[in-house]
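The values are calculated or read from the model by the stated rules, or taken from the named source; none is laboratory data. These numbers come from a predicted model, not from an experiment. Glycine also receives a Cβ, built like all others from the backbone with ideal geometry; neighbour counts cover every protein chain displayed. Each accessible area value is taken on the protein alone, full model and side chains, heavy atoms only, with ligands, DNA and RNA left out. Shrake-Rupley method; radii C 1.70, N 1.55, O 1.52, S 1.80 Å.
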Amino acid sequence: MSRHARRGVPRRREPKAHWLLLALSLALALAGLCLNGYVEHVGAEGSGPHQVADERPAPDEVVAGGPVQRLAADGTVTTRAMPAKTIALTFDDGPDPRWTPAILDVLRRHDAAGTFFAVGAQVNRHPDIARQIVDSGSEVAAHTFTHIDLTAAPAWQRTAETTLTGNAIAAATGLRPTLMRPPYSATPDAVTVPAYEAMRQAADEGYLTVLADLDTLDWSRPGVDAIVAAATPAGGAGAIVMMHDAGGDRSQTVAALEILIPRLQEQGYRFTTVSQAMELPAAPVAAGGQRVRGHALRFAQFGAGWLAGAMTWLMLAAVVLAVLRLIVQVWCARVHVRRVRKQARKRKRYVGAVSVIVPAYNESANIEATVRSLIGGDYPNVEVIVVDDGSSDGTGELVRRLRLPNVYVVEQENAGKPTALNTGVMFARGDILVMVDGDTVFEPDAIGELVQPLADPFVGAVSGNTKVANRGGLLGRWQHLEYVIGFNLDRRMFDVLQCMPTVPGAIGAFRREAVVDVGGVSTQTLAEDTDFTMAIIRAGWRVVYAPDAIAWTEAPASLRQLWRQRYRWCYGTMQAMWKHRRALTERGASGRLGRRGLSYLTLFQVLLPLSAPMVDVYGVYGAIFLPPAQVATVWLGFTLVQVLTAAYALKLDGERYGPLWSLPLQQIVYRQLMYLVVIQSTVMALVGDRLRWHRMTRTGAATAHARTNA
């Protein structure tokens with residue numbers, strides 16, 4: 001039975017619909033990113049044709065035929081050539097916002113028309129230019145959706161490419177294209193068996209293949225005169241001329257057209273579209289359903305591009321923030337280390353009688369080792385008050401049986417940890433109050449080190465250094481590294497910046513006067529230690545960190561227990577942040593807490609973790625579409641920074657570097673668990689539900705550590 005159940009607080013089912021919403025959102029985000037990846041990377045300019053093993057030529061009817069080819073389902077090939085003195089200027093890879101309008105302007109001035117083999121993705125980017133092509137009297141034909149090499153694509157991808165291109169053109173122009181030119185194709189005599197198979201599949205889907213008689217190679221920028229020469233047919237023959245209106249600087253193509261068209265017109269040539277030259281039916285009006293699909297595709301492509309851009313900026317912002325955070329942490333850590341070393345040279349002082357308060361609820365696994373470590377330290381005049389908060393496992397009786405001097409047991413009905421702490425404060429006689437969890441074992445000099453900063457009358461509370469006792473296994477190692485990094489970088493930074501948000505419940509010392517100032521430990525949040533610490537700072541007291549005051553605690557031994565613990569911590573921290581939000585606009589110590597501490601917590605413990613699922617989705621997208629070397633470099637760089645940061649924290653704490661090998665594996669399970677905790681806590685906070693207390697099952701790990709190191 002839970003504590004709240006015993007106290008008559010009804011239990012409510014925690015909301016779960018957000019998990020489905022999160023999963024759907026991530027799936028949609030991944031789909032959008034994959035669409036953008038497909039558009040931007042699969043047929044990206046410069047990727048070039050693939051090397052195909054089968055270089056056998058296509059059937060004779062194809063390689064010896066004309067450039068316009070109709071391939072029937074029964075294998076029949078019908079080809080046609082251009083009439084004499086007729087030129088069809090064709091332009092591949094557009095539309096382009098700069099070069100396509102320039103080419104259309106040249107065609108208009110010379111009363112000519114052309115055929116533009118458009119890439120579907122480009123049509124979606126510039127639908128207005130596709131409409132300009134049609135309105136000018138030229139025609140738009142298909143050139144696949146992403147400019148892929150159809151000879152290397154599987155059948156399903158070929159179909160997808162032609163279908164998507166048709167939809168894009170239909171949405172932009174209202175017409176269904178019937179002409180298609182495969183990317184990386186040229187004249188009929190260059191068609192291979194794989195290219196022939198791709199052309200046959202396109203024919204089955206209703207497309208007439210248009211190759212070229214003359215390939216100007218204008219994409220290689222051979223010079224204006226060379227382009228003009230390559231585009232000029234011999235002996236008055238007609239020709240389909242291949243040029244490009246996108247994919248790079250096409251100024252030479254535009255300049256060549258200004259020379260070519262009037263020169264050949266003077267010789268009696270006419271410049272028209274492929275369909276007009278071949279007396280083919282005009283492109284039919286697209287069906288309404290196809291236009292709707294095309295509009296949906298364009299909006300999806302636009303949204304996917306926006307999402308990819310936003311994710312890139314998010315990743316950049318996260319990297320910049322992480323680097324700035326690391327710089328500040330390392331600088332503050334160095335400042336704090338020098339400060340601690342300077343203090344260490346001074347002789348330790350007796351700063352007054354110490355009362356240690358141990359709230360305990362079913363802590364029989366560790367309570368004996370905890371009490372012995374507290375009473376057996378090297379600091380004189382210590383009393384230990386164990387507040388048995390309605391335990392059902394004989395915790396209080398175990399302490400009594402020890403019969404240790406200056407150890408007292410106070411029993412109360414189960415009322416929760418904050419109330420137990422306040423009860424201990426009432427019975428305590430010392431002016432310095434050390435608050436300790438019932439599963440914590442102190443080092444012999446921990447109390448002495450912990451209370452030394454209280455010699456400064458302006459210090460109201462001191463955070464000690466908590467270490468994980470059960471650090472075996474991956475989960476234990478991950479928590480060990482997390483504790484070491486958190487205490488040796490974050491807490492040193494908070495100390496230097498005077499905005500320590502939390503004195504941990506495992507080990508902390510408080511001046512009685514500061515405790516009285518804030519009215520004792522608050523019962524309003526589940527993170528009573530954070531709430532209590534923030535209240536002390538807002539009351540004008542300094543809160544500092546004593547890294548040499550070491551206590552060992554038992555960390556969760558399973559993912560379920562870890563979830564419950566971190567869920568309570570995160571939810572309680574959000575409660576405390578909201579409770580003390582006015583610190584953001586206050587002055588003095590309270591203002592430093594608000595503008596430094598609360599802002600830091602909001603950014604790095606709430607907002608960035610909430611965006612972490614999208615970062616993972618972006619990582620999957622990168623692994624699929626980005627160059628493997630680039631992805632590996634980014635991942636290795638990120639991991640290296642993490643390892644170096646953890647190594648520095650371990651060095652500050654005098655710990656071994658052995659657990660560092662497990663750090664890269666944190667990205668697989670541990671990191672996801674932590675950000676899911678933040679998501680769940682945020683949802684609970686937004687819906688206004690109250691989280692019940694989750695207590696961790698103790699195994700006696702802290703006791704085992706104490707015995708091993710005795």
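Taking N as the residue count of segment 137-178, its C-alpha radius of gyration divided by 2.2 N^0.38 Å amounts to 1.20. Excluding same-chain neighbours fewer than eight residues apart, the lysines reachable from Lys342 by a Cα-Cα span under 20 Å are Lys651. Here each label is just a point 7 Å from Cα along the line to Cβ, and for Leu665 and Val687 those points are 3.4 nm apart.
Quickly rank 437-448, 396-407, 466-477 as a protection proxy: mean count of other C-beta atoms within 10 Å, highest first.
Values: 437-448: 24.4, 396-407: 15.0, 466-477: 19.8.
The peptides rank, most packed first, as 437-448, 466-477, 396-407.
What the Kirkwood sum gives for the chain is a hydrodynamic radius of 30.7 Å, with every pair of different alpha carbons counted.
A cut-off of 5 Å between modelled amide H atoms, ignoring neighbours fewer than 5 places along the same chain, links Ile357 with Ile385, Val434, Met435, Val436.
Within the same chain, lysines fewer than 8 places from Lys579 are excluded, and of the rest, those with a Cα less than 22 Å from its Cα are Lys417. Close amide-amide hydrogen proximity is noted between Leu208 and Leu179, Met180, each under 5 Å apart and 5 or more residues distant or on a separate chain (H modeled in the peptide plane; Pro and chain starts excluded).
Protein heavy-atom surface of the chain, 1.4 angstrom probe: 58% of the accessible area is carbon and sulfur, with nucleic acids and ligands not counted. Ranked by the mean number of other Cβ atoms within 10 Å of their residues, highest first, the peptides 341-354, 301-314 fall in the order 301-314, 341-354.
In segment 519-534, which residues have a backbone nitrogen under 20 Å from the label point lying 7 Å from Asp456's Cα in the Cα-to-Cβ direction? Those under the cut-off are 533-534.
Sorted from greatest to least, the principal axis extents spanned by the alpha carbons of segment 444-505 come out as 43, 28, 16 Å.
If you add up the charges near Asp245, with Lys and Arg at +1 and Asp and Glu at -1, over every other residue whose beta carbon is less than 10 angstrom from its beta carbon, what do you get?
Local net charge: -2.
Rounded, prolate or oblate: which fits segment 264-365 when a ≥ b ≥ c are the square roots of the eigenvalues of the alpha-carbon gyration tensor, with rounded for a/c under 1.5 and prolate only if a/b beats b/c? Because a/c hits 1.5 or more and a/b fails to exceed b/c, segment 264-365 counts as oblate. Answer rounded, prolate or oblate for segment 114-193, using the Cα gyration tensor with square roots of eigenvalues a ≥ b ≥ c: rounded when a/c is under 1.5, else prolate when a/b is larger than b/c, else oblate. Verdict is oblate for segment 114-193.
Could you give the length gained by full extension between Val285 and Leu22, i.e. 0.36 nm per residue of separation minus their alpha carbon distance, to one decimal place?
Numbers: separation 263, 0.36 × 263 = 94.68 nm, distance 4.12 nm.
Gain in length upon complete extension: 90.6 nm.
Rounded, prolate or oblate: which one fits segment 76-123, using the alpha carbon gyration tensor with axes a ≥ b ≥ c (rounded when a/c is under 1.5, else prolate when a/b beats b/c, else oblate)? Since a/c reaches 1.5 but b/c is at least a/b, the shape of segment 76-123 is classed as oblate.
For Gln276 and Leu607, compute 0.36 nm times the residue count separating them, minus their Cα-Cα distance, and round to one decimal in nm.
On the way: separation 331, 0.36 × 331 = 119.16 nm, distance 6.00 nm.
So the chain would gain 113.2 nm between Gln276 and Leu607.
The mean sequence distance of close C-alpha pairs (under 8 Å, at least 6 residues apart), as a share of the length of the chain, puts its relative contact order at 13 percent. The protection proxy used here, the mean number of other Cβ atoms lying within 10 Å of each residue, ranks peptides 602-608, 480-486 as follows, highest first: 480-486, 602-608.
Computed from the Cβ-Cβ distance with R0 of 25 Å, the FRET efficiency linking Arg403 to Ser558 stands at 0.10.
Of all DSSP bridge pairs formed entirely within the chain, close to 25 percent run antiparallel. For segment 585-649 and segment 387-460, compute the distance between their C-alpha centroids and round to whole Å. Spelled out, the Cα-based centre of one part sits 37 Å from the other.
Over every Cα atom in segment 335-427, the radius of gyration and the widest Cα-Cα span, Dmax, amount to 16.0, 47 Å. Considering only C-alpha atoms, what is the centroid distance from segment 253-296 to segment 332-354, in Å? Each part's Cα centre sits 83 Å from the other's.
Report the gain in length on full extension from Gln672 to Trp331: 0.36 nm times residue separation, minus Cα-Cα distance, nm rounded to one decimal.
On the way: separation 341, 0.36 × 341 = 122.76 nm, distance 2.89 nm.
My answer for the length gained is 119.9 nm.
Once you divide the Cα radius of gyration of segment 185-342 by 2.2 N^0.38 Å, the number left is 1.88.
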